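Presented below is the structure to which this report refers.
The values are calculated or read from the model by the stated rules, or taken from the named source; none is laboratory data. Only a predicted model underlies this, so the values are computations on that prediction, with no experimental measurement involved. Because the Cβ atoms are built from the backbone with ideal geometry, glycine has one as well, and the counts that use them run over all protein chains shown.
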Amino acid sequence: MQKLINHQLFSSFYRYFSTTQVQCSRSGSSSIWLNRQSRDPYTRDARSNQFRARSAYKLIELNRIHRLFKPGMAIVDLGFAPGSWSQVAIREVGPSGKVIGVDLISTIPPPGVIGIQGDLLDPIVQQNIHNHLVNSGDTSTVLQDHKVADVILSDMMMNTSGIKLRDHQFSIDLCDAALLFCAETLKSNGSFVCKYYSGDQDSALEKRIKTLFQTVKRVKPGACRKESREAYFVGLKRKSNVSRQDMGF
Ligand SMILES: C[S@@+](CC[C@H](N)C(=O)[O-])C[C@H]1O[C@@H](n2cnc3c(N)ncnc32)[C@H](O)[C@@H]1O
């Protein structure tokens, strides 16, 4: 928990730092970036299929391999802006399902998706998600410990700084926050997808995920940039009766 509090204090500094850095580096390399985008098949496909971002194809591939979604499911999409994962999820679960997207950034959610602006690390935001999952949407009521989501997705990350250690640590903290949220909210046998930036703590994180899920896979979908350290953990079949202590928190 102390780690999460530290993370909260750190995040406002990090947001400032990373935004400033991106602004500086974009101006120097914008033509290279634009050139790469125009030649990228995922960017082209995303545009013609009206996805809000090329990252839709990462989730499409993960779903093709692991069959995460079924019609009628309740999905939580952590770090959903601009919304391409939520577009994929709502298409898969259909009108009888539910997709709740959460992000620090204010974003108009895709049609059919419930959007919540806030920080996953904020307990009020977590309560709000929980309330939407059980239908009331009433944030004044503190609900009991119901496990109600079928799938929890986390593509959470701030702009990367280019400093490997910092990006890795930051992503591991976000994965831990998402994993703890799974422990509170995900149904038995439910699934988890979590983005991480690879580094020396990958195996320790994998071990924590394995305490909560029967099967854990590491996947680097084709749409991830080859040069990027980004990859995903997929946790399948959530075990029941696992405590925070069992998970090493
Ligand atoms: C790579 S983007 C997600 C892209 C999205 N999956 C899509 O396909 O459109 C990562 C998002 O995570 C969000 N994020 C980072 N930390 C967060 C936090 N603590 N709580 C909620 N959202 C967070 C960022 O604001 C950012 O919009």
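Within the stretch 159-182, count every residue that is near the ligand (Cβ under 10 Å from one of its atoms) and touching a Phe, Trp or Tyr at 6+ places or on another chain (Cβ under 6 Å).
Residues flagged as near the ligand (Cβ under 10 Å from one of its atoms) and touching a Phe, Trp or Tyr at 6+ places or on another chain (Cβ under 6 Å) within the stretch 159-182 amount to 1.
Among Val219, Val148, which is of a type in the set (A, V, I, L, M) and at pLDDT below 95?
Residue meeting the stated conditions: Val148.
How many residues does the stretch 154-188 hold that are of a type in the set (Phe, Trp, Tyr) and farther than 21 Å from Arg244 by Cβ? Let's see the steps before the verdict.
Looking only at the stretch 154-188, we keep the residues that are of a type in the set (Phe, Trp, Tyr), and these are 170, 181.
Now narrow it down to the ones that are farther than 21 Å from Arg244 by Cβ: 170.
Counting residues in the stretch 154-188 that are of a type in the set (Phe, Trp, Tyr) and farther than 21 Å from Arg244 by Cβ gives 1.
Working only within the stretch 222-249, note down all residues that are part of a loop (DSSP other than H, G, I, E, B), under 25 Å from Lys147 (Cβ atoms) and modelled with pLDDT of 95 or more.
Scanning the stretch 222-249 gives a single hit, Lys239.
Yes/no matrix, rows are residues, columns are (1) in a helix (DSSP H, G or I); (2) touching a residue at least 60 places away in the same chain (Cβ under 8 Å); (3) buried (at least 21 other Cβ atoms within 10 Å of the Cβ):
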residue: Gly72; (1), (2), (3): no, no, no
residue: Pro82; (1), (2), (3): no, no, no
residue: Arg91; (1), (2), (3): yes, no, no
residue: Val99; (1), (2), (3): no, no, yes
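Of all residues in the stretch 51-70, count the ones that are assigned to a loop (DSSP other than H, G, I, E, B), among the charged types (D, E, K, R) and within 13 Å of the ligand (Cβ to nearest atom).
Counting residues in the stretch 51-70 that are assigned to a loop (DSSP other than H, G, I, E, B), among the charged types (D, E, K, R) and within 13 Å of the ligand (Cβ to nearest atom) gives 2.
Considering each residue of the stretch 71-127, count those that are more than 13 Å from the ligand (Cβ to nearest atom), charged (D, E, K, R) and closer than 18 Å to Cys182 by Cβ, and give that number.
1
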